[in-house]
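The values are calculated or read from the model by the stated rules, or taken from the named source; none is laboratory data. The structure displayed is predicted, hence computed values, not measured ones. Every residue, glycine as well, gets a Cβ built from its backbone with ideal geometry; the counts of neighbours run over all protein chains shown.
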Amino acid sequence: MNFFEKLFKRKPKLTWIQAVQDLKNIGNVDLNRFISACEIIDKLADDTKIPELYELLNHHEFVVREAASIPLARLEGSKLLPFLFDALIRGEDDGHDNDSLVATITDLLELHKKESVDILMEIFNNGSNELRVCAAWGFGFVVPEITADFLLECFIKEKSKEVQSTLAGSLSSFKSNQKIIEELIKNIEDYNEQVRVSVILTLGQIGDKNIIPKLKELLEITTTDDTRFITESMITRLEKL
């Protein structure tokens, strides 16, 4: 028996109450007990446990929020999106990559596309700039429940460069759409580098080799390292297709 087998064999068997308490007091819990607590709340979560899960989703430690998000997303569906986005923003503000939380959100969006659209629209139209970025990102996972024309119009009219750059990324969900390609090319020299880089990445992901000459033109005039690196990478990618 190797080290990890011994480690996981010693995982304690916890009740729901013990698991919740361990997660709330994560600073005093070892790895085995934390893993067991995560497994228990995922296994035993039902409608009666929803209030406690929401409390955990608001915990100050990102790993606790991520652990609570999995069963809560299963129980609450798309109406949990605003709370998941809040948790995502908190994690990013604290410098975390949020891998598990991102996976939970994308799984939820793809499983509940139709139900998620109205919630994303409400957040996009009325939320804070940070939440609008989340909604713009979420749009890319609910295609075809939203159309290319809708998303393109949002991109064209958007005033926030942070939101616009995220919308550009979501446009990559529509492959071989000439209207999208033409509009993105118009923005390939946007004064905001975040938008420029996102547009270039999206054009590369769309995979239209006809844009290679335009990218090479951009490469000749660009003065920033990030734009140059992304442009070179996308040219290489497209030339290999």
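Just to be sure I understand the filter: pairs with C-beta atoms under 8 Å, separated by 6 or more residues or on different chains, first member in region 214-225 and farther than 15 Å from GLU193 by Cα, second member assigned to a loop (DSSP other than H, G, I, E, B) and of a type in the set (D, E, K, R). Which pairs pass?
Listed pairs, sorted by first residue: none to list.
Quick test for you: out of LEU57, LEU72, LEU31, pick the one residue that is at negative phi and modelled with pLDDT under 95.
LEU31
Among the numbered criteria (1) of a type outside the set (Asp, Glu); (2) in a loop (DSSP other than H, G, I, E, B); (3) surrounded by 21 or more Cβ atoms within 10 Å (Cβ to Cβ), which one does HIS60 miss?
Failed condition: (3).
Is it true that some residue in region 216-231 is within 27 Å of LEU120 (Cβ to Cβ) and hydroxyl-bearing (Ser, Thr, Tyr)?
Checking region 216-231: not a single residue is within 27 Å of LEU120 (Cβ to Cβ) and hydroxyl-bearing (Ser, Thr, Tyr).
Which of the following residues is basic (Lys, Arg), within 15 Å of ILE41 (Cβ to Cβ) and assigned to a helix (DSSP H, G or I): ARG90, ARG65?
ARG65
Let's see how each residue does on (1) under 13 Å from the mean Cα position of the chain (by Cα); (2) hydroxyl-bearing (Ser, Thr, Tyr):
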residue: ILE89; (1), (2): yes, no
residue: THR104; (1), (2): yes, yes
residue: GLU110; (1), (2): yes, no
residue: ILE119; (1), (2): no, no
residue: GLY127; (1), (2): no, no
residue: ARG132; (1), (2): yes, no
residue: ALA135; (1), (2): yes, no
residue: ASP149; (1), (2): no, no
residue: SER170; (1), (2): yes, yes
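Which number in (1) among the β-branched types (Val, Ile, Thr); (2) surrounded by 18 or more Cβ atoms within 10 Å (Cβ to Cβ); (3) out of contact with any Cys (no Cβ under 9 Å at 6 or more places or on another chain) marks the one condition that VAL102 misses?
Among (1) among the β-branched types (Val, Ile, Thr); (2) surrounded by 18 or more Cβ atoms within 10 Å (Cβ to Cβ); (3) out of contact with any Cys (no Cβ under 9 Å at 6 or more places or on another chain), VAL102 violates only (2).
Can you tell me how many residues in region 30-57 are touching a residue at least 12 places away in the same chain (Cβ under 8 Å) and not in a helix (DSSP H, G or I)?
Adding up the residues that qualify gives 2.
Could you please find all residues in region 198-214 being under 19 Å from PHE155 (Cβ atoms) and of a type in the set (A, V, I, L, M, F, W, C)?
Residues satisfying the conditions are VAL199, ILE200, LEU201, LEU203, ILE206, ILE211.
Filter region 30-81 for residues that are under 18 Å from the mean Cα position of the chain (by Cα) and of a type in the set (D, E, K, R) and give the result.
Hits for region 30-81 are ARG65, GLU66, ARG74, LYS79.
Among ALA37, ALA67, which is of a type in the set (A, V, I, L, M), out of contact with any Phe, Trp or Tyr (no Cβ under 8 Å at 6 or more places or on another chain) and modelled with pLDDT under 95?
It is ALA37.
Kindly indicate whether LYS186 is loosely packed, with under 14 Cβ neighbours inside 10 Å and either under 23 Å from ILE146 (Cβ atoms) or not basic (Lys, Arg) (or both).
In short, yes.
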